[in-house]
Amino acid sequence: MRLLSLQVKGVSCFRNPVKLDGFDPHINLIYGPNEIGKSTLITAMARAFFDRSSTKAQEVIDMRPWGTALSPEIVVEFVGNTGMRAGSTRLKLEKGFLDTPYTRLSEWTGSGYELLADGDKAEEMLRAMWRSSLPGRGATGIDQWGLARLLWFRQDRERFDCPKLNDRVLLNELRQALNVMTVTKEEEALLRAIESELSQILTDKQRSFRKGSAVAALRERKKQLLAEIAGCDDRLREIQDLSAKIIGLKDSIEAMSVELENKSSELQGLQGEVERVKELSSKLAVARSELQALRSQKEALLKDREAVNRAKVEIAELEKRLEKAQKDLETAQTAAQDAEKQVAEHAKALQALRDKLSKSRQDLERCRKIHQLRTCDGEIRRKRSLLEKLRAKNSELEKVDEQLSKISAPSADELAQAANLRETITRLEAGIEAAGLSLDINALADVTVEFDAGTRSEQHYIGKGESKVLHATQQAVLRVPDLLTISIKSGSGEIAKMQEKLDDARAQLAALLAKFGVDGMVGLQALAHRAATLRQNRERLSNEIDELLSSEGMIQARLTDLEAQIEQLEVQLESGLDKLCLTAGELSSVDPGDEDSLCAEIAELENLESDTQQLLERSRRAAADAQELKTKLSTLIDAGKKQCSELQARIRDLLERFGGSEEQLVQKCEAICRATDQKEAAVKELESSLPSEREDPVKRSTALKAEIDNLIQQLEQKKAEISRYEGALEQLAPDDIYLRKSRAEEQLELTERELRRELIRARALSLISELFKAHRQAMSSGLSTAIEDRVTKYWAFVRGRQDVKARIGDDMELAAVNFIGDRVDPERFSAGAREQLYVVVRLAVAELLSESDPQIVVLDDALVFTDQHRHSRMLDLIKRLSEKMQVIILTSHQDRFESLPGARFNVEELTRPSAEYRSDED
Amino acid sequence: MSLRFIHTGDWHVGMKEANAPEVADRVRDARLEVIDRIRRLAQETKADFVVVAGDVFEHNQVGRKLARDVLRRLGDYPVDVYIIPGNHDYAGPDSIYKTRAFQDVPPKVHVLLEQKPVVIRRLNVILYPCPVTQKRTALDPTDWIPVEEPNDMIRIGLAHGSVAEFGFGDLTDNPVSLRNVEAKSLDYLAMGHWHSTSVLSPRAAYCGAPETTGYTEKDSGNALLVSIDRPGSEPQVSVHRVGKLKWVEMEHELSLSVKDSLDQLRAKFNSLQSDSGDTLIRLRLSGVSTGEALARMEDVLDDFRSTYLHIEVDTSSVVLDPDGDKLFEWAKDRPLTRAVLSDLKRLIDASSHDEAAAAWELAANPSGVDLAAVLKRAELPEDEDGAITREVAQAALVEMLKALEGITR
């Protein structure tokens, strides 16, 4: 399709007819200031194409120019395909709204327009061309505008909205243009039916079978049946167990009965044997007790005899030991005496050494003292000479101080002040001169002038052609003899002021100089210099004094301190001499002795002393030990004697029972031994005639009785158990467990068959759904790739770099993807970038659609945020793409679009009284 | 006058009906009703007594109700009935014959639980019952029969088990050696256990179950009438039908002509000669068909379902061809659906070859869609064995047809 002309009348600001004629087939620019009606023109065109003429929607009513009764009328000439013949033809649409609603569609015959259709029929044909649709009520919205929905960008409405590509109409058009498979309505319906079936079986996220679905119910039923079958099986097993137990018990009972019979008959046979054995046993018991009594007696007697013997042996041993101890005691006594003698000898030697040591120490003391006093004397002498030096310097210092006090010198400040005043005076003089009068005389002939400057009077000769400058302050008189006299007065008050200051400064300076009795600055300075020199000397002397003192270790001290020190030392010397009974003269001549040899002597004596000390200790210890030994031995001998007498007493006691005779005791012992032996022999004989442990019939008999009782008890128990189990079986018997299980298994079979059928059905539905989805996907991706490629290319062209790609998702939503593959949301781009991207998308889609039929793209103020550089690239792109389509650009900044070729329409001009307007190119 | 008696057994009262669970109760009832028909046979043939060779009950725990029902019907018998337990209702501690229901049996009913001869003096018969006491045993239940001097009594053995010589069953299946027939000087050995009637030797036979129990049983639904003139003479055995149920297997191949296929099927049904109310039919379909044809066939079968006791249809061998269907027509100018149908067809074809070929076919996909991935996605959660098979693909065609029918209505 292609727009040829557009005329509006009675539309908003266009009361009178306004026609834009001669649209360029490629690029058109509609421009003008804000609110001139550019967008209104496009909206009017849209209403003409898409709305019913009969509509009374508010948007259409609002098109009526304010304050008039005019009805909107629009005429559009365009090239389009009505479908009535092959190819596109030139058409005219005439549309009227509100009071005079009409729609007329006419076709160009070559010489004029011929009506093709009107009213609803015409509107239907237009809708077919545009693939647009009607809303339920009211005016059409952009969603109903078919192809124009994407291709006509309206300012501010969708500036930052991403163009919607998942419009069914658009996609179908694109598919047709690209020869891609489409989905028919019936297929949609078929799919919906399948999906609806599937959604009844599976939950939304297709994660599980719905609770109410047949599959879920069947599975539940299956579970129940299995549980029931398991329950029946449990019961059957119970019965089986009981049966097995009963059989086991019966077998066991049979075996036990046989055993019982055997044991009973054995018991019978044993009875006679039992009696005999009992009698023998009692005889044996009696003999044993008699033997026991004899044995005790024998033991007692033997014990007594033993005790007597032992006591005798002990006494003999003791006596031997006592003898030895006595001998040892005598030896110990001798040793003690020797030790005492040693001790006395060592003590004496030690004392002699100590006396000698004391004397040597005294000698050493004296020697040291004499040295010390000599040193002190030397010190005194040194300090005295120093004191002399210091006193001399001190009196020099005092002389300098006197000289300084006589001079009155200016301080540094006063010096500075004088200098300043001098400077001020000079400056003021110069200033006055400068501010004063200056006469610049150029002589045209030789001349002599007299110049009176108030304070001075001069005569000057100026040759022909020469010049001279004369200065005066306030007034001057210039006289050229015999010619003229010029009297000049300065009106400058400044000079007077300056003169005042100058006088003041001069007075000050004079006063200052007088203070110090000098004539000028030179004198003043000389005075200052002299004072400085004297001060320096003073400084130097003072430092020297301090230095000398500090070399004595007296920092910040005075002479008096030094004097005090000397005095102190003299006192020390005197007292020392006193103690040694020497005079000062003797001090240097007396012989102090050799300190070193004295020290050596003392050391040797000390060693000897310690050795002797040790010897004394040792001998003392030896004496003590000997004494101790003596004492111990005495005690031992006493104890031994006591023990002997005790033992003898004991022997006497023991033998009392036997009339004091040891012989009798021995006899009694022998008798009892004989008796015991006889008894033992008798017992042995009896024992051998009894049967052994193993063959004892009594034992066996008892054991058998116990076993028989046990068996009988067990049999009873088992019989009771059997009847218990039989009772339990009886309980279970009436139940038709097997029948119930059979029925449940039959039901289970049926349920499983049905479940299988339902599962197959569910899988089948799922398979269909997935196949359709997969094939649709394949269809779409062909389409989305085409768009993606173009958008990526054009956008890279506009931006001047290629670091992002466009990506169309499954839902035909647009995203950007960088080359690593990360998704970038277009929402995050800047205003300008988004603007450009969305325009590029529209152009790309328009290009695709234009393959089959050239499209009309409208860009109403679409690039306001775009920078100059990209703007110009965008224009390049538009220029290129417009070869295949018609682009209409609305703008308030026509300068930005100057480089574009094509038709231009100035809306401002159009709204001037002259209604018809042809494009600039005419 | 020669001795005549009815030899029956293997009644399996209370048996589970795994083959036709839908009509299980009806089949169980038939097993009870046949007891009355055996009674009528005894009356008609003027038999002297009836021997039941074991497995009267399917299980020792079929319950009191069934036990009482059986006893009631047996109570109506005009002659004595001698019963031994078989390996299903064996005489263990939990035996049904030891429950309260059997403490009160009608006077003509004799349950023989011990290896003791039963003398019927009036008829000159000694009966040697060999009751089964354990489900499995390797011992010959007929070994206990005492070897005696031949006398003028007719000696009849009554046993339940496998025949050692013939190799029916295994060695622990109560094996009876036919040698004992001669060794114990038996005139006749009445055997139970095998469900098809079978004469083992001139003096031994399996009576078979009186009511057929499944589609594959060869010759059952009978009771035997045995006549013996005098001790030592050869018995004459005649087979009498007492069973009511008929189990029929039918095969039918479908062709692409829907009308022909259905007409042929209808004819097959009509040609069944039987009392349709007692007939169970298993119909195996094969061949190539369309989804529409299968749907129409369900309608045909529904007509017959009310006539026959039970019809079971096995369509697992039928291959669907979507080209013959309405679907194909409809998809002609709908490329999306065409692509989907073509994939379904490939799936159906692929599963009839072996695995490797199928995988190759799936991989070489002209439509740009990765079929293997689609199959994976189509698998349902919580569906452990839920692989997408040919059956599923065929079901998918059927569902699509149904949906199509839904939207074109």
#### Entry: Cα centroid separation - the stretch A:699-721 against the stretch B:36-78, whole Å
48 Å
### Task
Can you pull out the buried accessible area for chains B and A, both sides counted, probe 1.4 Å, rounded to the nearest 100 Å²?
5000 Å²
#### Entry: Environment charge at A:Ala584 (Cβ cut-off 10 Å; Lys +1, Arg +1, Asp -1, Glu -1)
-3
### Message
Whole percent per 5 Å bin, from 0 to the bin with the longest distance: what is P(r) over all C-alpha pairs of the stretch A:439-586?
### Response
2, 7, 9, 8, 6, 6, 6, 6, 6, 5, 4, 4, 3, 4, 4, 4, 3, 3, 2, 2, 2, 2, 2, 1, 0
### Query
Out of every Cα pair in the stretch B:1-99, what percent are spaced more than 23 Å from each other?
27 percent
### Task
Report, in whole Å, the centroid distance computed from the Cα atoms of the stretch B:150-199 and the stretch A:2-51.
113 Å
### Query
Using a Förster distance of 60 Å, how high is the FRET efficiency between A:Arg650 and A:Leu715, based on the Cβ-Cβ distance and rounded to 0.05?
0.20
### Summary
With the 8 Å Cα cutoff and a minimum separation of six or more residues, chain A has a relative contact order in percent of 24 percent
### Query
Full extension from A:Gln240 to A:Ser5: what is 0.36 nm times the residue separation minus their Cα-Cα distance, to one decimal in nm?
74.3 nm
### Query
R0 = 35 Å: FRET efficiency of A:Arg168 with A:Glu752, Cβ-based, nearest 0.05?
0.20
### Task
Would you mind checking the tilt of helix B:258-270 against the longest principal axis of the Cα atoms of chain B, expressed as 0 to 90 degrees and rounded to 10?
10 degrees
## Note on the structure
One finds, for A:Ala255 and B:Phe166 with R0 = 45 angstrom and r their Cβ-Cβ distance, a FRET efficiency to the nearest 0.05 of 0.75
## Note on the structure
Short to long, in 5 Å steps from zero, the percent of alpha-carbon pairs of the stretch A:61-171 per bin is 2, 10, 16, 19, 19, 16, 12, 5, 1, 0
## Note on the structure
Checking rank on B:184-196, A:140-152, with mean other Cβ inside 10 Å and highest first, the result is B:184-196, A:140-152
### Query
Using the Cα atoms of the stretch A:222-263 to build a convex hull, what is its mean projected area in square nanometres?
2.6 nm²
### Query
Is any residue of the stretch A:593-616 close enough, with backbone N under 19 Å, to a label point placed 7 angstrom from the Cα of A:Ala347 along the Cα-Cβ axis, and if so, which?
A:609-616
### Task
Identify the GluC sites (Glu not before Pro) of the stretch A:717-826 meeting these criteria: DSSP loop state and at most 15 other C-beta atoms within 10 Å of the C-beta.
A:Glu813
### Task
Enumerate the residues in the stretch B:385-401 having an amide nitrogen under 16 Å from the point lying 7 Å beyond the Cα of B:Val319 toward its Cβ.
B:390-395
### Query
How about the stretch A:491-560: which trypsin sites (Lys or Arg not before Pro) there are in a DSSP loop, with at most 16 other Cβ atoms within 10 Å of their Cβ?
A:Arg558
### Query
Pairs A:Lys263/A:Lys719; A:Lys92/A:Lys884; B:Lys46/B:Lys135; B:Lys65/B:Lys244; A:Lys222/A:Lys773; A:Lys222/B:Lys98: which exceed 30 Å Cα-Cα?
B:Lys46/B:Lys135; A:Lys222/A:Lys773; A:Lys222/B:Lys98
## Note on the structure
Between the Cα axis of helix B:64-75 and the main Cα principal axis of chain B, the angle (0 to 90°, nearest 10) is 50 degrees
### Message
Which trypsin sites (Lys or Arg not before Pro) in the stretch A:401-485 sit in a loop by DSSP (not H, G, I, E or B) and have at most 15 other Cβ atoms within 10 Å of their own Cβ?
### Response
A:Arg456, A:Lys464
### Task
For A:Ala216 paired with A:Ala603, estimate the spin-label separation in nm (one decimal), with each label point 7 Å from Cα along the Cα-to-Cβ line.
11.5 nm
### Query
What is the spin-label model distance, in nm, from A:Val277 to A:Leu226 if the labels are put 7 Å beyond Cα along the C-beta direction?
6.9 nm
#### Entry: Label-to-label distance, nm, for residues given as A:Ser54 and B:Ala295 (7 Å Cα→Cβ offset)
4.2 nm
### Message
Test of understanding: what is the full-extension gain from A:Asp696 to A:Arg427, defined as 0.36 nm times their sequence separation minus their Cα-Cα distance?
### Response
80.4 nm
### Query
Given the Cα-Cα distance of A:Asp825 and A:Lys312 and 0.36 nm per residue of separation, how much length would full extension add, in nm?
172.0 nm
### Message
Within the stretch A:590-626, name every residue whose backbone N is under 19 Å away from a label modeled 7 Å from Cα of A:Thr334 along the Cβ vector.
### Response
A:622-626
### Task
Divide by every residue of chain A the summed helix terms, -39500 (n - 2.57) for each DSSP H run of at least 4, and state the resulting mean residue ellipticity at 222 nm, rounded to the nearest 500 deg cm²/dmol.
-22500 deg cm²/dmol
### Message
I'm a student and want to see the number: the projected area of the Cα convex hull of the stretch A:534-656, averaged over all directions, in nm².
### Response
21.5 nm²
### Query
Relative to the longest principal Cα axis of chain B, at what angle does helix B:335-350 sit, 0 to 90 degrees, rounded to 10?
40 degrees
### Task
Take the alpha-carbon centre of the stretch A:407-453, take the same for the stretch A:505-545, and report the distance between them in whole Å.
28 Å
### Query
If you take the square roots of the eigenvalues of the alpha-carbon gyration tensor of the protein assembly as shown and sort them as a ≥ b ≥ c, do you get rounded (a/c under 1.5), prolate (a/b over b/c) or oblate?
oblate
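The values are calculated or read from the model by the stated rules, or taken from the named source; none is laboratory data. Quick caveat, the model's predicted, so the values are computed rather than measured. Backbone-built Cβ (ideal geometry, glycine too); neighbour counts: all protein chains shown. To get the accessible areas, we keep the full protein, side chains included, count just its heavy atoms, and leave off ligands, DNA and RNA. Shrake-Rupley method; radii C 1.70, N 1.55, O 1.52, S 1.80 Å.
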